[in-house]
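First the structure, then my questions, so here it is.
The values are calculated or read from the model by the stated rules, or taken from the named source; none is laboratory data. Note that this is a predicted model, so its numbers are computed, not measured. Heads up, the Cβs are rebuilt from the backbone with ideal geometry, glycines too, and the neighbour counts pull from every protein chain shown.
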Amino acid sequence: MKAVAIIPAFREEGRVGAVVASVREYLPDVLVVDDGSPDRTGEEARRAGAEVVRLTPNRGKGAALVAGFEEARRRGFDAVVTLDADGQHDPSRLPALLAALARGADVVIGTRTKDLRGMPPQRIFSNTFTSAVLSLLAGRLIRDSQTGYRAFRLEAVTNLPLRRRGFDLESEILLHAARAGAKFDHVIVPTIYGDEKSKINPLADTYRFFRVVATALLERLER
């Protein structure tokens, strides 16, 4: 497979360059989607060796991911690995995610459930809850629904009816991929938290998650 790393980034000057450099040790093709950053995020990523797609104004993580998928397909890639730009994802696990795709998976989830000691308690609760809800709706096990560390066969995701453009797209894509018959796999990745500030808005993004759930339930009733 011809694979590319997609890194959505917003206000990650001072972090994204190191992330790109680390990723390129395992996967040389890196595409950073600069989601309207007012700082030098895009410039730093480009200096580190990434190709950069610039969105303006800021549109949300989901919009950045969709733009990355579209650009990857335009460039002829077969698969993508998505990582966050803040250093929470260990690039050394990239080969394991790609190996799971090579074994036949369509969607590979980098799951942090083996060791949660580094994860804040509120994130453990929300991840456990949302993973259980999405597993029920998807009809298959999703061990870590909130991780952004994933690998996809592009053919399995680029034709999905994805409407969300915030963090909720990460839930929506799992539900639609499951409905389309995609094969899921999981790869254990380490739990890494530093001094980075989460861009998740607890109230707004909780509402958006339940909106995705409600839409999925309505669609199930209509079938």
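Can you tell me how many residues within the stretch 63-105 are over 22 Å from residue 192 (Cβ atoms), among the hydrophobic types (A, V, I, L, M, F, W, C) and more than 15 Å from the chain's Cα centre (by Cα)?
Total meeting the criteria: 4.
Ok, one more. Residue 65: part of a helix (DSSP H, G or I) and buried (at least 24 other Cβ atoms within 10 Å of the Cβ), yes or no?
Judged against the criteria, residue 65 is a match.
Taking the residues in the stretch 129-163 that are of a type outside the set (A, V, I, L, M) and not in a loop (DSSP other than H, G, I, E, B) as candidates, determine which candidate is surrounded by the most Cβ atoms within 10 Å (Cβ to Cβ).
152
From the set of residues in the stretch 166-209 that are exposed (fewer than 14 other Cβ atoms within 10 Å of the Cβ) and outside any loop (DSSP other than H, G, I, E, B), which is modelled with the lowest pLDDT?
Once the filter is applied, the top-ranked residue is 202.
Taking the conditions exactly as written (in contact with a helix residue (DSSP H, G or I) (Cβ under 9 Å, 6 or more places away or on another chain) and buried (at least 19 other Cβ atoms within 10 Å of the Cβ)), does residue 100 satisfy them or not?
no
Related question: Under the condition of being in a helix (DSSP H, G or I) and surrounded by fewer than 17 Cβ atoms within 10 Å (Cβ to Cβ), which residue from the stretch 1-45 is farthest from the chain's Cα centre (by Cα)?
Per the stated criteria, the residue is 43.
Sticking with this structure for a sec: So, in the stretch 49-84, exactly how many residues are over 13 Å from residue 7 (Cβ atoms) and of a type in the set (Val, Ile, Thr)?
2
Kindly establish whether residue 145 is under 18 Å from residue 129 (Cβ atoms), at pLDDT 90 or above and among the small types (Gly, Ala, Ser).
It is true that residue 145 is under 18 Å from residue 129 (Cβ atoms), at pLDDT 90 or above and among the small types (Gly, Ala, Ser).
Taking the stated definitions as given, is residue 112 in contact (Cβ under 8 Å) with a residue 60 or more places away in the chain, surrounded by 20 or more Cβ atoms within 10 Å (Cβ to Cβ), closer than 16 Å to residue 176 by Cα and not aliphatic (A, V, I, L, M)?
Taking the combined requirement at face value, the residue does not satisfy it.
I want to confirm something. Restricting to the stretch 46-62 and keeping residues that are small (Gly, Ala, Ser) and under 18 Å from the mean Cα position of the chain (by Cα), which single residue is farthest from residue 171 (Cα to Cα)?
Ranking the qualifying residues of the stretch 46-62, first place goes to 50.
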